[in-house]
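The values are calculated or read from the model by the stated rules, or taken from the named source; none is laboratory data. Worth saying up front: this structure is predicted, and the values here are computed from it rather than measured. Because the Cβ atoms are built from the backbone with ideal geometry, glycine has one as well, and the counts that use them run over all protein chains shown. Accessible surface is based on the protein model in full, side chains and every heavy atom, while ligands, DNA and RNA are left aside. Shrake-Rupley method; radii C 1.70, N 1.55, O 1.52, S 1.80 Å.
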Amino acid sequence: MTTAATPALRVAMIGYAFMGAAHSQAWRTAGHVAELPLRPEMAVVVGRRADAVARAADHLGWSESDVDWHRVIERDDIDLVDICTPGDTHAEIAQAALAAGKHVLCEKPLANTVAQAEAMGAAARQAPTLQAMVGFTYRRTPAVAL
């Protein structure tokens with residue numbers, strides 16, 4: 001089990017609706033499911049409306065909330081950006097987060113066009129020390145593989 005002595009991975013999650021709620025549950029429980037080299041710390045959740053995102057932060061277990069994802073990805077205390085927004089915003093947020101030196105976990109669809117996906121891939125290749133991931137949650141589920 002991951003403990004409080006395990007170094008933190010400070011996460012900012014952009015978006016908090018259905019998929020954000022699912023990711024919040026995963027961040028909260030990951031260290032109980034597997035021994036992790038880093039302890040996920042739910043630092044900040046971002047949404048468009050201050051009152052709604054503040055309620056979501058409280059309900060989902062995030063330490064704070066914000067309404068400006070640009071500001072959040074520039075913060076020095078954020079290590080990873082978890083993108084749970086509508087698909088038409090994924091490419092812009094992911095590329096900006098990688099450029100800011102943040103690891104990225106992006107929900108599906110990765111992008112709306114091949115050109116956007118290729119630009120995201122290029123941004124990831126330009127940041128070889130960072131991890132850029134897509135949330136293929138069920139990719140190893142035997143029934144799905146079959």
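Conditions (1) at pLDDT 95 or above; (2) closer than 22 Å to ALA124 by Cα; (3) touching a strand residue (DSSP E or B) at 6+ places or on another chain (Cβ under 8 Å), marked per residue:
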| position | (1), (2), (3) |
| --- | --- |
| SER24 | yes, no, yes |
| VAL53 | yes, no, yes |
| HIS59 | yes, no, no |
| SER63 | yes, no, yes |
| GLU74 | yes, yes, no |
| ASP77 | yes, yes, yes |
| LEU80 | yes, yes, yes |
| ALA91 | yes, yes, no |
| GLY101 | yes, yes, no |
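Please go through region 1-20 and give me each residue that is free of Cβ contacts under 8 Å to residues at least 40 places away in the same chain and assigned to a loop (DSSP other than H, G, I, E, B), ordered by number.
Selection gives MET1, THR2, THR3, ALA4, ALA5, THR6, PRO7.
Can we say VAL44 is out of contact with any Asp or Glu (no Cβ under 7 Å at 6 or more places or on another chain) and either of a type in the set (Phe, Trp, Tyr) or without any contact (Cβ under 8 Å) to a residue 40 or more places away in the chain (or both)?
no
Any residue that is of a type in the set (Lys, Arg) and touching a residue at least 40 places away in the same chain (Cβ under 8 Å) - is there at least one of those in region 61-72?
Within region 61-72, none of the residues are of a type in the set (Lys, Arg) and touching a residue at least 40 places away in the same chain (Cβ under 8 Å).
Conditions first: (1) open to solvent by 70 Å² or more (accessible area, probe 1.4 Å); (2) touching a helix residue (DSSP H, G or I) at 6+ places or on another chain (Cβ under 7 Å). LYS108 passes all but one, so which condition is the exception?
Among (1) open to solvent by 70 Å² or more (accessible area, probe 1.4 Å); (2) touching a helix residue (DSSP H, G or I) at 6+ places or on another chain (Cβ under 7 Å), LYS108 violates only (2).
To keep it simple, each residue is scored yes or no on (1) open to solvent by 50 Å² or more (accessible area, probe 1.4 Å); (2) more than 22 Å from THR89 (Cβ to Cβ); (3) not hydroxyl-bearing (Ser, Thr, Tyr).
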| site | (1), (2), (3) |
| --- | --- |
| THR6 | no, yes, no |
| VAL11 | no, no, yes |
| ALA22 | no, no, yes |
| THR29 | no, yes, no |
| GLU41 | yes, yes, yes |
| VAL46 | no, no, yes |
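Right, HIS23: without any contact (Cβ under 8 Å) to a residue 60 or more places away in the chain, outside any strand (DSSP E or B) and within 18 Å of GLY87 (Cα to Cα) or not?
Against the criterion (without any contact (Cβ under 8 Å) to a residue 60 or more places away in the chain, outside any strand (DSSP E or B) and within 18 Å of GLY87 (Cα to Cα)), HIS23 does not qualify.
Could you list, in sequence order, all residues of region 54-99 that are open to solvent by 20 Å² or more (accessible area, probe 1.4 Å), of a type in the set (A, V, I, L, M) and part of a helix (DSSP H, G or I)?
Within region 54-99, ALA54, ALA96, ALA99 meet the criteria.
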